[in-house]
Amino acid sequence: MHDEQQRTGAADPGTTGTTGMTDHGPLAGFTVGVTAARRAEELGALLQRRGAAVVHAPALRIVPLADDSELLAATKDLLDQAPDIVVATTAIGFRGWIEAADGWGLGEPLLARLATVELLARGPKVKGAIRAAGLTEEWSPSSESMAEVLDRLLDHGVEGRRIAVQLHGEPLPGFVEALRAAGAEVVGVPVYRWMPPEDLAPLDRLLDATISRGLDAVTFTSAPAAASLLSRAEQRGLLSDLLTAFQHDVLPACVGPVTALPLQAAGVDTVQPERFRLGPLVQLLCQELPGRARALPIAGYRVEIRGHAVLVDGELKPVPPAGMSLLRALSRRPGWVVARADLLRALPGAGRDEHAVETAMARLRTALGAPKLIQTVVKRGYRLAVDPGVDAKYADA
């Protein structure tokens, strides 16, 4: 997937059985935004294999390690004055640090220095990177939580100790401040830094799609990506609209609690998997998004309204954006007549001509493949042909 907006609805090639239905995947009909700069292709592929359409717009870029003067300065500082403890937070960051040091001719001295200190690993991936470098960690938490690392350090006492913390793209203010408050000297090791993307157009398109509800969910795999999207929205005067979209219609899904912090600070609730990995993040979306879809019994069919498609008795029916706008307007009060004027207002950029409603409605019926799902009420408008007994249940929905 390139660093530009990508949208594709392709799922795994499904097998068509005797019923003519396709195995469309749990995310079919949903559009998911991917803000990752790193491992975006992997995440996008996982989503597409489960049927989702994917919009990719990297919210940040990574400064090349070998060109980072701050990392070089921090490395020389640690070689000149040994730390008592080194906290490694990410596998890619730790490996990149060693590789950058090699490029500067400091690889061997750095490894020799790290072999003499108390080395803490935030989780199993970091532990693997440490051991691959020929080193051994002193301790690693089972939870992969920086909070647990902090608790251990404070429990063992840090006053007067020099602690180097490998930063993972952003400062860790709560972590660092707590150590300093307890009397430690903290040295940040900025292994790689996040910067805004050079080309902001894809990020702007993702932002616009979120606000217009063209996306059903947006995924975040790092706190800097979340902060970058919020910052860009603020620069464009759209922060309030973005927060409203996240609070009501578009699901923000974060790979873990650290990633969620910028959104939570802005008052946005997020969903997170129990295990902080891409696979569990995708599985969480497979549970959450279908659970949020509107399902109605209409004209003897079970109709499930998703982001850009509809399931009619389990068969996926892609629907044009205008048709989806009409269907959502009708589904807000199933069985009740919705006037053409109200439907016209629901159409994006339709103007004042009610003929646009008739045209979009004809295309919607064709896309659904079951014309009797929507009834025309002469001189009044249209209604969903909900099954008997359903009208009252959904009257105030």
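The values are calculated or read from the model by the stated rules, or taken from the named source; none is laboratory data. Owing to the predicted nature of the structure, the values given are computational and were not obtained by experimental measurement. Note that we place each Cβ from the backbone using ideal geometry, even for glycine, and neighbour counts take in every protein chain shown. When the accessible area is computed, the model is the full protein with side chains, heavy atoms only, and any ligands, DNA or RNA have been set aside. Shrake-Rupley method; radii C 1.70, N 1.55, O 1.52, S 1.80 Å.
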What is the number of the single condition among (1) modelled with pLDDT of 95 or more; (2) closer than 28 Å to Arg277 by Cβ; (3) open to solvent by 50 Å² or more (accessible area, probe 1.4 Å) that Gln235 does not meet? (2)
Only one residue in Ala82, Ala59 is closer than 30 Å to Ala309 by Cα and part of a loop (DSSP other than H, G, I, E, B). Which one? Ala59
List every residue pair whose Cβ atoms sit under 6 Å apart, with the two residues 6 or more apart in sequence or on different chains, where the first one lies in the stretch 77-91 and is acidic (Asp, Glu) and the second, anywhere, is open to solvent by 10 Å² or more (accessible area, probe 1.4 Å) and in a loop (DSSP other than H, G, I, E, B). Asp84/Arg161
What is the residue count in the stretch 286-316 for residues that are in a strand (DSSP E or B), within 17 Å of Leu330 (Cα to Cα) and open to solvent by 20 Å² or more (accessible area, probe 1.4 Å)? 5
Sort out which residues of the stretch 225-250 are over 28 Å from Leu167 (Cα atoms) and either of a type in the set (Gly, Ala, Ser) or not in a helix (DSSP H, G or I) (or both), and write them in order of number. Arg236, Gly237, Leu238, Ser240, Ala245, Asp249, Val250
Please specify each residue of the stretch 162-213 satisfying the condition of being of a type in the set (S, T, N, Q) and modelled with pLDDT of 95 or more. Thr210
